[in-house]
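> Below is a structure I'd like to ask you about.
No value in this document is a laboratory result; all are computed from the given coordinates. Predicted model, so just to flag it, every value in this text is computed and none were measured. Cβ placement follows ideal geometry from the backbone for every residue including glycine, while neighbour counts extend to all protein chains displayed.
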Amino acid sequence: MKQYRLVFLAFILLFTACKKDQFAEDFPEEDQWEDTGDETEDEEGALTLYRVDEDQIDRIKDYPVSQELKSFQQDYAKHFKMWEFVTRLIPLAERDKIAEFEVFHGNGDLLGYVLPIDDNDLGRWRFALAIDAAEELEVINFKDLFTYVTIHEYGHVLSLNDEQVSISSEHSCNNYFTGEGCSRQNSYINRLFELGWKDIHKELTEDNADVIYEKYKDRFVTDYAATNPGEDFAEVFSFFVTQEKAPTGQSLADQKIRLLYEFPELVALREEIRGNGITLSLRAGSWQENPLYKKFRLNHRKSCKHHH
Ligand SMILES: [Zn+2]
């Protein structure tokens, strides 16, 4: 199971998808968890989980939380405002892959994350946003960080769902393997991969995104985009939506943004999203001026695998 998180530093984080309690009985040993670092941090900050039914959300459960987080958990009015923000920004017809909504406290680290609810079904996703990143919920302004975070996380669902990626093994995959499955040939993420990753992908490891970025700067819209093709798509999609015009430069970063203009349904979606907010003062990457952006770092998606 993987998560795509927007962390505050750069931008995206992964909270953890690994639900420790879920497997605790079957797998009592810690060493079944791979790449999770501190397992106890997995659900730290998780507040409330909701089931999504079109524009409505229904509470599934409150997570056990520390005393300091109680007030955030009990601020259901804000949870609903956060969800309402999502519904105003992203058209209903384009949200059908989002089956759960989670509110968590990012503690200045994590902005948002997504993960498939079931590893074997890429048609149903959990969409999680940090309550402490939700500063402005009344007005949708494309300069705001929370708007950016929502678009970024949505970009993951858009590019990793079952219409774009099919469950299969890496071994049998001739296109970009997302971690959950094999991307289809003409999928957004595989096209992005063909354009800007195929020749350098082997150089990427779990923790050398900064090296990749420094070496191939002109390929990336942000440093966080160099994390992996999944994060790159989410960042490129965010620029595609929030920039007023298609870029005209020759850099691979610009070419990646222009690639999305080749998909008519994405152009239509872009127009729809932009019609929902204030775009007049928009400038590419202006959310980077938000102090939160500098404070937080985008995290990397993590794998949570358990071994029998
Ligand atoms: Zn992300």
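> R0 = 35 Å: FRET efficiency of S169 with D96, Cβ-based, nearest 0.05?
0.85
> Suppose the chain between R258 and E244 were pulled fully straight at 0.36 nm per residue; how much longer would it get relative to their current alpha carbon spacing?
Stretched fully, the R258-E244 segment lengthens by 3.8 nm.
> Less than 14 Å Cβ to Cβ from V211, Lys/Arg counted +1 and Asp/Glu -1: what total charge do the surrounding residues give?
Once all neighbours under 14 Å are counted, the net charge is -2.
> Moving to a separate point now. Between E265 and D119, what's the calculated FRET efficiency when r is the beta-carbon distance and R0 is 25 Å? Round to 0.05.
After rounding to 0.05, the efficiency reads 0.40.
> Please compute the net charge surrounding E94, taking Lys and Arg as +1 and Asp and Glu as -1 over other residues with Cβ under 14 Å from its Cβ.
-3
> In which sequence would T48, T150 go, from the one with the fewest C-beta neighbours within 10 Å to the one with the most?
Fewest to most other Cβ atoms nearby, the residues stand as T48, T150.
> Next question, about the same structure. Do any of K70/K143; K143/K256; K143/K198; K61/K81; K81/K256 go past 23 Å between their Cα atoms, and which?
K70/K143; K143/K198; K81/K256
> Still on this structure, I have one more. Cβ neighbours within 10 Å, averaged per peptide: list 185-196, 64-75 in order, most packed at the top.
185-196, 64-75
> Also, quick follow-up: By how many nm would the segment from K215 to E54 grow when fully extended, if each residue of separation counts as 0.36 nm and the alpha-carbon distance is taken off?
53.6 nm
> Which ordering of W197, W125 is given by a fewest-first count of other beta-carbon atoms within 10 Å?
Listing W197, W125 from fewest to most nearby Cβ atoms yields W197, W125.
> Taking 7 Å along the Cα-to-C-beta vector as the label spot, tell me the L137-R88 distance in nanometres, rounded to one decimal.
1.1
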